[in-house]
Amino acid sequence: MARVNATLAILAAVLLVAATVIITWMVFKRGIGLQSSWELETAIELMIGATFLASPYTLTTGGHVKMDLLDSLLSGPAARWMAVLPRVLACGVCLYLGYAGLEMTIHAYVTGERALGIWQPLVWPKYSTVAIGMSLTALQYALDIARAIGARRREIDHV
């Protein structure tokens, strides 16, 4: 899973660099008086994909929002619950979003749905990043939950 997460993070970084280059090009073009048509839409599509594809890696590296203050104030059973319960809830949300993203991807692919705007790209590639990113984030949460439960069991065995 770590290799998959790292690979997706690299892909997300490439997408962000591409979006940055495109936006820079757009600003340059406007600065010299030329019209832009496709640049902003393309950069937005790339940034959306990067956000969802980087999600599992961000979770792995501890970059997601946490309740550090609450964790530090709790001890005993409450601390153990706080180690697992938010992960279970977040995993459920990510599973739902992954499933919804898959449904949206399939529907957009079958119907040939396109985005609004001048460029009008197909939307199924963007939706597929939701399905992939959220499903893999849910899997990462499941692994984190298993680790937290395993750590708790080892803690009990040593007592």
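So the check is Cβ under 6 Å with 6+ separation or different chains; which pairs have a first residue in region 142-158 that's more than 11 Å from A83 (Cβ to Cβ) and among the aliphatic types (A, V, I, L, M) and a second one that's open to solvent by less than 100 Å² (accessible area, probe 1.4 Å) and modelled with pLDDT of 80 or more?
These pairs meet every condition: A142/C91.
In region 11-22, how many are out of contact with any Leu (no Cβ under 8 Å at 6 or more places or on another chain) and either in contact (Cβ under 8 Å) with a residue 40 or more places away in the chain or open to solvent by less than 80 Å² (accessible area, probe 1.4 Å) (or both)?
The total comes to 1.
Which condition number in (1) open to solvent by less than 40 Å² (accessible area, probe 1.4 Å); (2) over 11 Å from the mean Cα position of the chain (by Cα) is the one that P56 fails?
(2)
On the basis of being touching a helix residue (DSSP H, G or I) at 6+ places or on another chain (Cβ under 8 Å) and either in a helix (DSSP H, G or I) or modelled with pLDDT of 90 or more (or both), does L53 make the cut? Give the steps one after another, and end with the answer.
Values: touching a helix residue (DSSP H, G or I) at 6+ places or on another chain (Cβ under 8 Å): yes; either in a helix (DSSP H, G or I) or modelled with pLDDT of 90 or more (or both): yes.
Against the criterion (touching a helix residue (DSSP H, G or I) at 6+ places or on another chain (Cβ under 8 Å) and either in a helix (DSSP H, G or I) or modelled with pLDDT of 90 or more (or both)), L53 qualifies.
For every residue, the table says whether it meets (1) out of contact with any strand residue (DSSP E or B) (no Cβ under 8 Å at 6 or more places or on another chain); (2) crowded, with 17+ Cβ neighbours inside 10 Å; (3) under 22 Å from T7 (Cβ atoms); (4) at pLDDT below 75.
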{"position": "L74", "(1), (2), (3), (4)": "yes, no, no, yes"}
{"position": "L85", "(1), (2), (3), (4)": "yes, no, no, no"}
{"position": "V93", "(1), (2), (3), (4)": "yes, no, no, no"}
{"position": "A138", "(1), (2), (3), (4)": "yes, yes, yes, no"}
{"position": "R147", "(1), (2), (3), (4)": "yes, no, yes, no"}
{"position": "R152", "(1), (2), (3), (4)": "yes, no, no, yes"}
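Yes/no per residue for (1) modelled with pLDDT of 95 or more; (2) of a type in the set (G, A, S); (3) touching a helix residue (DSSP H, G or I) at 6+ places or on another chain (Cβ under 6 Å); (4) not in a helix (DSSP H, G or I):
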| site | (1), (2), (3), (4) |
| --- | --- |
| A9 | yes, yes, yes, no |
| L16 | yes, no, yes, no |
| S36 | no, yes, yes, yes |
| Y57 | yes, no, yes, no |
| G63 | no, yes, no, yes |
| Y96 | yes, no, no, no |
| I106 | yes, no, no, no |
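May I ask you to list the residues in region 132-148 that are in contact with a helix residue (DSSP H, G or I) (Cβ under 6 Å, 6 or more places away or on another chain) and within 17 Å of L46 (Cβ to Cβ)?
Residue satisfying the conditions is G133 alone.
Within region 23-48, take every residue that is under 23 Å from I10 (Cβ atoms) and in contact (Cβ under 8 Å) with a residue 40 or more places away in the chain and give me the one that is least open to solvent (accessible area, probe 1.4 Å).
T42
The values are calculated or read from the model by the stated rules, or taken from the named source; none is laboratory data. As the structure is a computational prediction, the values presented were derived from the model and not from experiment. Please note: Cβ atoms are built from the backbone with ideal geometry, for glycine as well, and neighbour counts cover all protein chains shown. When the accessible area is computed, the model is the full protein with side chains, heavy atoms only, and any ligands, DNA or RNA have been set aside. Shrake-Rupley method; radii C 1.70, N 1.55, O 1.52, S 1.80 Å.
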